[in-house]
Amino acid sequence: MGCLVSSELPPILVGNPGAQNAGRKAEILAAVARVLDQNRYINGPEVAAFERDFATFLGTADAVGVANGTEALALALRAVGVGAGDEVLTVANAGAPIPAAIRMAGAVPRYVDTEPRHHTMDPTALAAALGPRTKAVLVVHLYGHPAAIDAIVAAAGRVPVVEDCAQAHGARWRGRRAGSFGAASAFSFYPTKNLGAVGDGGLVATNDPQVAAMLRNLREYGWDAERRSIARGWNSRLDEMQAAILRLKLRDLDADNARRRAIAAHYRAGLGNSAVRPLDSEPAAEPVHHLFVVEIARRDALLAHLKAQGVLGGIHYAFPVHTMEPWRPEVPVALPNTERACARVVSLPMYPELTADEVDRVIAAVRGFAP
Ligand SMILES: Cc1ncc(COP(=O)(O)O)c(C=O)c1O
């Protein structure tokens, strides 16, 4: 049989939950069978065990499973005291779930700019934007790189900080896990995430027992133990099947993240003096590379070139949310770093099961692009 040329090889995807689930199929099916045998489907032993395991993993006092990452953010905001008409300070480069969650909580988003090195919230811009209406700060640990969370918590002062960890399961900042710094932190288990369910799932972690108790009310119509509503909640439950699967995948999360870091190092070594500039990493950070993001001015031309080479890049995210009608702030705002970043980012393939040959193919494809 002759050698396959790159155009005959299967395309390399930007993310690939199928590769991970295929390798764990027998374990996943056993977890599903256990749930069926237990005959408990909602808020049963698997959710309780996963909540304990995840809180231990993060180093937080508690964790509360919910239906998805967007609702995790909305419920976290509600649980730390955000309500109708309050202002939440956040970033505009992390997609629609962020303003959607703020609106679900009844609040209004106000956007602050990002810093240019890794596109997370600029603590100085945050300090300048805080005002009397600000009831929370929603910070996103984007692409798996923690924001400067200690500076952000310090700048926020008495205003509670909610961490969006949907892209940062297991990342560390100065040795502590992202998601253990703020008043509450929200996680998504969307299938492509570093810890992915086989469907939707989410969780809020917190060190504050009152916030945890409120979250357990809010995720089921605001019910207390006797099913009397004591707050305006809704239905946002993690189910037993997803919790059982997440529990088994959690055991491999640190190893999967280490593999992502090895792939990132391989990319960095291979992409020196190429047409793209990989985002920087802070010495204080141990990132988990949910995405491997590079910047380039001629983005569309690069993506077309990569596609022709069998490499499917992505864009996270092309349109900053402050420019979209449903998510516009009350007062128009200029966010030069955010706008520049959204026009230039490209995500290269990144998932733990990528082989060294595939990483080399991606590097060769990028290096073959004439800027
Ligand atoms: C940064 C960020 N926040 C929130 C979410 C929302 O998570 P979900 O899709 O589980 O609602 C996502 C995932 O799409 C995300 O990437």
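A few notes on this one:
- Within the stretch 53-70, being within 16 Å of the ligand (Cβ to nearest atom), under 15 Å from His169 (Cα atoms) and assigned to a helix (DSSP H, G or I) holds for Phe54, Gly69.
- Residue list for the stretch 332-348, restricted to those being in contact (Cβ under 8 Å) with a residue 60 or more places away in the chain and away from the ligand (no atom under 16 Å from the Cβ): Val333, Leu335, Pro336, Asn337, Arg340, Val346, Leu348
- For the stretch 232-247, the tally of residues that are more than 18 Å from Arg52 (Cα to Cα), touching an Asp or Glu at 6+ places or on another chain (Cβ under 9 Å) and more than 12 Å from the ligand (Cβ to nearest atom) stands at 3.
- Qualifying position, being touching a Leu at 6+ places or on another chain (Cβ under 9 Å) and of a type outside the set (D, E, K, R), among Gly69, Gly85, Gly81, Gly59: Gly69
- Residue within the stretch 234-245 that is at pLDDT 95 or above, outside any helix (DSSP H, G or I), among the hydrophobic types (A, V, I, L, M, F, W, C) and crowded, with 18+ Cβ neighbours inside 10 Å present: yes
- Boolean, Thr355 is crowded, with 17+ Cβ neighbours inside 10 Å and of a type in the set (Ser, Thr, Tyr): no
- Note on the stretch 71-122: among residues that are buried (at least 24 other Cβ atoms within 10 Å of the Cβ) and part of a strand (DSSP E or B), the one that is nearest to the ligand (Cβ to nearest atom) is Thr90.
- The stretch 175-231 - residue that is of a type in the set (Val, Ile, Thr) and out of contact with any Gly (no Cβ under 6 Å at 6 or more places or on another chain) and, of those, surrounded by the fewest Cβ atoms within 10 Å (Cβ to Cβ): Val198
- Selection from the stretch 180-202 of residues that are more than 10 Å from the ligand (Cβ to nearest atom) and either closer than 17 Å to Val139 by Cβ or hydrophobic (A, V, I, L, M, F, W, C) (or both): Ser180, Phe181, Gly182, Ala183, Ala184, Ser185, Leu195, Val198
- Residues of the stretch 123-159 that are within 18 Å of the chain's Cα centre (by Cα) and of a type outside the set (Val, Ile, Thr): Leu138, His141, Leu142, Tyr143, Gly144, His145, Pro146, Ala147, Ala148.
- Taken over the stretch 246-271, the residue count meeting the criterion of being of a type in the set (Asp, Glu) and not in a helix (DSSP H, G or I) is 1.
- In this entry, Ala79 passes the filter for residues that are touching a residue at least 12 places away in the same chain (Cβ under 8 Å) and either closer than 27 Å to Arg247 by Cβ or among the charged types (D, E, K, R) (or both).
- For first residues located in the stretch 174-196 and under 21 Å from Asp239 (Cβ atoms) and in contact (Cβ under 8 Å) with a residue 12 or more places away in the chain, partners that are near the ligand (Cβ under 8 Å from one of its atoms) and of a type in the set (Ser, Thr, Tyr) and lie 6+ apart or on another chain with Cβ distances below 7 Å form the pairs Gly196/Tyr190.
- Residues of the stretch 151-178 satisfying the condition of being within 16 Å of the ligand (Cβ to nearest atom) and of a type in the set (Val, Ile, Thr): Ile152, Val161, Val162
- Scoring Pro329 on the criteria (1) within 21 Å of Lys193 (Cβ to Cβ); (2) part of a loop (DSSP other than H, G, I, E, B); (3) not aromatic (Phe, Trp, Tyr) leaves a single failure, condition (1).
- Residue selected from the stretch 131-150 under the condition farther than 12 Å from Thr120 by Cα and either crowded, with 22+ Cβ neighbours inside 10 Å or not hydroxyl-bearing (Ser, Thr, Tyr) (or both), by the criterion farthest from the ligand (Cβ to nearest atom): Pro132
- Given (1) touching a residue at least 60 places away in the same chain (Cβ under 8 Å); (2) away from the ligand (no atom under 16 Å from the Cβ); (3) within 23 Å of Val14 (Cβ to Cβ); (4) assigned to a helix (DSSP H, G or I), index of the condition Ser274 fails: (4)
- Only one of Leu303, Leu279 that is surrounded by 16 or more Cβ atoms within 10 Å (Cβ to Cβ) and either within 16 Å of the ligand (Cβ to nearest atom) or of a type in the set (Gly, Ala, Ser) (or both): Leu279
The values are calculated or read from the model by the stated rules, or taken from the named source; none is laboratory data. Only a predicted model underlies this, so the values are computations on that prediction, with no experimental measurement involved. Here Cβ is always computed from backbone atoms with ideal geometry, including for glycine, and neighbour counts include all displayed protein chains.
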